[in-house]
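Single-structure report; data block below.
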Ligand code: JE8
C-alpha cells in the first residue's frame with residue numbers, strides 16, 4: 001500500500017518511522033510519502049491561510065496550495081492504476097471505526113490531508129470529491145488542534161491490517177476463539193510473570209490449565225468490563241450471540257432481555 005500525507009507539519013508525522021508502521025515501511029509492505037504543503041506556495045512567507053469569508057474567528061486554509069499539492073501527488077500515480085482514496089480528517093466527519101480501517105486497508109493508495117486552523121476551504125473537498133473517493137473522517141468526539149494526530153491514528157489502524165505486517169504470534173485473533181469478537185465485547189484483563197507482585201497474585205483459574213474454564217472466565221471478565229465501560233455495546237448486540245452462560249453472567253451483572261429480546265439494565269448496577 002502507498003500512503004501520501006500532505007501537511008504543514010511533516011515533523012509531526014515522525015512517529016511513522018517507529019514501531020509497527022516503521023517496520024512495515026522498512027520491510028517494503030508500506031510506502032509512506034510525506035509532503036510539506038508550503039512547497040506549493042509561491043509567496044515570500046509561504047502563506048497557507050487567510051481570513052474566513054463571512055467573518056468569524058480563526059483562519060481558513062487557502063485552496064490554491066492544496067490544489068497544487070494534490071494535483072502533484074495524485075498525478076504522480078502510475079497511469080492506468082487505481083486513483084487514491086482521499087482521507088480528510090475533520091471533527092465533522094464520519095466516525096473512524098474498525099470497519100472503515102478494514103475497508104481502507106484493502107485500497108492500494110490513500111492520500112491524507114491533515115489541516116490546521118479552522119480547516120480547508122470547502123471548494124477543495126468538492127473539487128476532489130468530483131474526481132476521487134473522498135472520505136471526511138473523525139477519530140472521536142473531542143476537539144484537536146489539527147488533523148495530524150488523527151492521521152497517525154488512522155495509519156496505524158490501517159497498517160496493522162496489511163498482509164504480512166503482524167507476526168504469527170500477534171496475528172489477528174480468530175474471532176470464534178476470542179473472549180469477545182472485537183466491537184462486541186471489550187477485552188478482559190491480562191497477566192504475566194511473576195506469579196506474585198507486591199502481594200498480588202494471579203486469578204487461580206489462569207493457573208489451573210483448564211482451557212474451558214479459562215475461556216469462560218475470560219468471557220465473564222469481558223462482560224464485566226463491557227457492562228461497566230461500554231454498556232451501549234451490550235444494548236446494541238444481537239442477543240443471538242449470547243449463550244446460556246453469557247445470559248447467566250449478564251443476569252448477575254443486572255442485565256436481561258427486554259420485550260424485543262435485546263439486553264438492557266434490569267437491576268441496579270453491580271459494584272466493581
Ligand atoms: C482540526 C479533529 C479529527 C477530531 C481534525 C482536523 C483541522 C473547526 N475546528 C477545527 C475548530 C476548532 C479547531 C479545529 C482544528 N482542526 C481538528 C480535527 C478531529 N479527525 N476527532 N477532533 N478534532 C482539523 C483543524
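Readers should treat all values here as calculations from the given coordinates under stated rules, not as data from a laboratory. None of the values given here were measured: they were computed from a predicted structure. In this analysis, Cβ positions are derived from the backbone assuming ideal geometry, glycine residues included, and neighbour counts consider all displayed protein chains.
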Any chance you could run the full-extension gain for residue 130 through residue 169? It's 0.36 nm times the residue separation minus the Cα-Cα distance, nm to one decimal. 9.7 nm
Order these by the 10 Å Cβ neighbour count, fewest first: 202, 120. 202, 120
Percent antiparallel among DSSP beta bridges with both residues in the chain, to the nearest 5? 20
Segment 2-159: antiparallel DSSP beta bridges as a percent of all, rounded to 5: 10
Looking at segment 1-87, send over the antiparallel percent of its DSSP beta bridges, to the nearest 5. 25
Using a Förster distance of 45 Å, how high is the FRET efficiency between residue 248 and residue 42, based on the Cβ-Cβ distance and rounded to 0.05? 0.05
Does segment 117-170 classify as rounded, prolate or oblate by the C-alpha gyration tensor (a ≥ b ≥ c root eigenvalues; a/c under 1.5 gives rounded; else a/b over b/c gives prolate, otherwise oblate)? oblate
Quick one: grab the alpha carbon gyration tensor of segment 99-147, order the square roots of its eigenvalues as a ≥ b ≥ c, and give me rounded if a/c is under 1.5, else prolate or oblate depending on whether a/b is larger than b/c. oblate
Centre separation in Å (Cα based) which lies between segment 63-83 and segment 16-44: 16
The rounded separation in angstrom of the Cα centers of segment 95-132 and segment 143-161 is 12
Determine, for each peptide in 27-35, 233-241, the mean count of other beta carbons within 10 angstrom over its residues, then list the peptides with the highest first. 27-35, 233-241
Taking only the alpha-carbon positions of segment 207-264 and ignoring solvent, what does the Debye formula give for the base-10 log of I(q)/I(0) at q = 0.24, 0.29 Å⁻¹? -0.96, -1.28
What shape does the chain take by its C-alpha gyration tensor, where a ≥ b ≥ c are the square roots of the eigenvalues and a/c under 1.5 counts as rounded, a/b above b/c as prolate, and the rest as oblate? prolate
Can you give the percent of C-alpha pairs in segment 2-159 whose distance is more than 21 Å? 44
Kindly provide the helix-only [θ] at 222 nm of the chain, computed as the sum of -39,500 (n - 2.57) over DSSP H runs of four or more divided by all residues, to the nearest 500 deg cm²/dmol? -9000 deg cm²/dmol
